[in-house]
Amino acid sequence: MECFEIKGQHKLKGMVSISGAKNAAVAIIPAAIAAEGVSVIENLPSIEDVTCLMRSLENLGAKCTLSDETTLIIDARKVNSCMAVDESVRKIRASYYLMGALLGRFGHAEVALPGGCNFGERPIDQHLKGFRMMGARIDASDDRVIKLDVNGRLHGANIYLDVASVGATINIMIAAVRAKGKTVIENAAKEPHIVDTANFLNMLGANIKGAGTDVIRIQGVDRLHGGEYTIIPDQIEAGTYMICGAITGGDITVKNLIPKHMDSLSAKLEEMGCRIIEGDDYIRVISDGRLYPTNIKTMVYPGFPTDLQPQITALLSIADGRSRVIENVWETRYQYIEELRKFGVNVEVTGREAVIVGTKELVGARVSATDLRAGAAMVIAALAAKGTSIISNVRFIDRGYANIEEKLRSLGAEIRRIKKDEMNENIISVSLPDGVPVSAAGRKV
Ligand code: EPU
């Protein structure tokens, strides 16, 4: 239970470098065990989810060595178990990729049901439909573990996804690389980390074509070998820092990103009055602090990403007027709104729609990160707010943002981590702008 203490209203300035993409890393690490080889994966983000997956792979018999903070060597030759049911598996959502990897290579997998951020129902029926169409028998009678089996090898199939699911696209692709024959995934998702996972698997000897379009064709191969691969930069981390620059009236350069991945956000920030300057691998965001309202609809890539929805909602809270956000991907991704309101954000949610009426100034608050991106939204609001904010549950933020406090500090933010042993009510007595103490619920008393 660590917290962040943030003293707001510093204009962020300078340069911040983006780490490797979380959602690519959490697919590529499990995908590595589809091969009987040694994979060297570079540009990994230093985040909890990566550590967790390393532990899961080790429990299956793989040898995982971090040669430095961002390079992981996975020796998958000695994988000797198909049972991924330990605590590290349960902790994170992406453990479901172990199903595709184990099933494709060994014809058998027992995988604990995925955990991860809880913002409503997160079904995996499309993953299972794909495996079934490739010949797998699935036993989901135990509500904690899914068992998958095939006689011999999976076979190719034509699979039409009812929803363009990122997870199902990647999981089916990982399983299909070792299947007998050709698999076609239609209505595939197109996110950058899908292309990255396909490129990684192709580097191991797979034959995947069309990743990044809505039809992916995979010709199964008998064996995969090892190799070296560098993960792409994190689109969502980059977007989060761009929004941090915009909300503080700052001038920041977000480096080591792929500008094309940021198009939907850059366009919105420009509409809101920010100046955006793009280079080959950077985007500079300049804001004079005056922001116009706008409307956002989250969509699958290349649309506006749902994983930036809480952060942009925080930004819209100080725009000069009324904005609308429509969440099209996750039915209930507004669970953080109650917390955001504690900063003085004026927002009403009805179903998938949030209406935000901009306010002149946010005030420091004591809030809790309810999930990863919600936590990022709290940080963004706190950076803009007058006074001090305390954000608890930062373990959620640590799941997806490498070295966030160092990165923000380097841009001029006043942020510190309050460690477990420092945590007591004295520290939590935050002083709000007018010196009024804050109650346990984060409101002025
Ligand atoms: N869906 C189904 N059936 C399925 C799978 C998905 O109905 O079998 C529905 C979901 O309920 C949802 C929609 O399809 O409404 C999209 O879900 P998707 O499968 O694309 O999401 P995911 O693979 O579980 C990944 C990211 C999420 C991100 C979504 C959407 C990982 C590990 N997670 O989740 O990232 O929100 O894609 O882009 O890649 C995050 O990073 O904070 C995060 C939550």
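The values are calculated or read from the model by the stated rules, or taken from the named source; none is laboratory data. None of these values were measured; they are calculated from a predicted model. When we count neighbours, we look across all protein chains shown, and the Cβ atoms used for this are built from the backbone with ideal geometry, even at glycine.
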**Residue list for region 286-307, filter: in contact with a strand residue (DSSP E or B) (Cβ under 8 Å, 6 or more places away or on another chain) and within 16 Å of the ligand (Cβ to nearest atom)** = Ile296, Lys297, Thr298, Gly303, Phe304, Pro305, Thr306
**Asked** Restricting the search to region 45-59, which residues are assigned to a helix (DSSP H, G or I) and over 13 Å from Val111 (Cβ atoms)?
**Response** Glu48, Asp49, Val50, Thr51, Cys52, Met54, Arg55, Glu58
**Asked** How about region 160-186: which of its residues are touching a helix residue (DSSP H, G or I) at 6+ places or on another chain (Cβ under 6 Å) and away from the ligand (no atom under 12 Å from the Cβ)?
**Response** Ile174, Ala175, Val177, Arg178, Thr183, Ile185
**Prompt:** Since Ala189 meets every condition but one in (1) within 16 Å of the ligand (Cβ to nearest atom); (2) part of a loop (DSSP other than H, G, I, E, B); (3) more than 25 Å from Asn43 (Cβ to Cβ), which condition does it not meet?
**Reply:** (3)
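Checking the structure you have, find out if any residue of region 23-42 is in a loop (DSSP other than H, G, I, E, B) and touching a strand residue (DSSP E or B) at 6+ places or on another chain (Cβ under 6 Å).
Looking for residues that are in a loop (DSSP other than H, G, I, E, B) and touching a strand residue (DSSP E or B) at 6+ places or on another chain (Cβ under 6 Å), one finds none in region 23-42, hence no.
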**Asked** Within region 274-298, restricting attention to residues that are more than 24 Å from the chain's Cα centre (by Cα) and of a type in the set (A, V, I, L, M), which residue is nearest to Ala319 (Cα to Cα)?
**Response** Leu291
**Message:** Could you check region 228-272 and list, in sequence order, the residues that are within 26 Å of Ile74 (Cα to Cα) and not polar (S, T, N, Q)?
**Reply:** Glu228, Tyr229, Ile231, Ile232, Pro233, Asp234, Ile236, Glu237, Leu257
**Message:** Residue under question is Ala238, and the condition is that it be in a helix (DSSP H, G or I) and either aromatic (Phe, Trp, Tyr) or touching a residue at least 24 places away in the same chain (Cβ under 8 Å) (or both); does it hold?
**Reply:** yes
**Asked** Is it the case that some residue within region 402-416 is within 16 Å of the ligand (Cβ to nearest atom) and in contact (Cβ under 8 Å) with a residue 40 or more places away in the chain?
**Response** yes
**Asked** Of the residues Cys244, Cys274, which single one is more than 15 Å from the ligand (Cβ to nearest atom), crowded, with 20+ Cβ neighbours inside 10 Å and free of Cβ contacts under 8 Å to residues at least 60 places away in the same chain?
**Response** Cys274
**Message:** Among the residues of region 99-117, what is the count of those that are crowded, with 19+ Cβ neighbours inside 10 Å, farther than 11 Å from Ala175 by Cβ, within 14 Å of the ligand (Cβ to nearest atom) and aliphatic (A, V, I, L, M)?
**Reply:** 0
**Message:** Show the residue pairs meeting these rules: Cβ distance below 8 Å; 6+ apart or different chains; first residue within region 353-368 and within 27 Å of Asp398 (Cα to Cα); second residue at pLDDT 95 or above and surrounded by fewer than 15 Cβ atoms within 10 Å (Cβ to Cβ).
**Reply:** Ala354/Arg324; Ala354/Glu348
**Message:** Would you confirm, using the coordinates I've provided, whether Leu154 is within 30 Å of Ile18 (Cβ to Cβ) and buried (at least 22 other Cβ atoms within 10 Å of the Cβ)?
**Reply:** no
**Item:** Qualifying residues in region 121-145 (those that are surrounded by 15 or more Cβ atoms within 10 Å (Cβ to Cβ) and within 11 Å of His108 (Cα to Cα)) - the one farthest from the ligand (Cβ to nearest atom)
**Value:** Ala136
**Message:** If I filter region 79-92 for residues that are among the β-branched types (Val, Ile, Thr), within 30 Å of Val184 (Cβ to Cβ) and away from the ligand (no atom under 15 Å from the Cβ), do I get at least one hit?
**Reply:** yes
**Item:** Thr65 within 21 Å of Ala198 (Cα to Cα), of a type in the set (Ser, Thr, Tyr) and away from the ligand (no atom under 16 Å from the Cβ)
**Value:** no
**Prompt:** What are the residue pairs meeting all of these: first residue in region 206-226, first residue outside the structural domain of Ile28 (by TED's automatic domain parsing) and in a loop (DSSP other than H, G, I, E, B), second residue modelled with pLDDT of 95 or more and not hydroxyl-bearing (Ser, Thr, Tyr), Cβ atoms under 7 Å, and 6 or more apart or on different chains?
**Reply:** none
**Prompt:** Given the conditions (1) away from the ligand (no atom under 15 Å from the Cβ); (2) within 16 Å of Ile6 (Cα to Cα), and given that Glu338 satisfies all but one, which numbered condition is not satisfied?
**Reply:** (2)
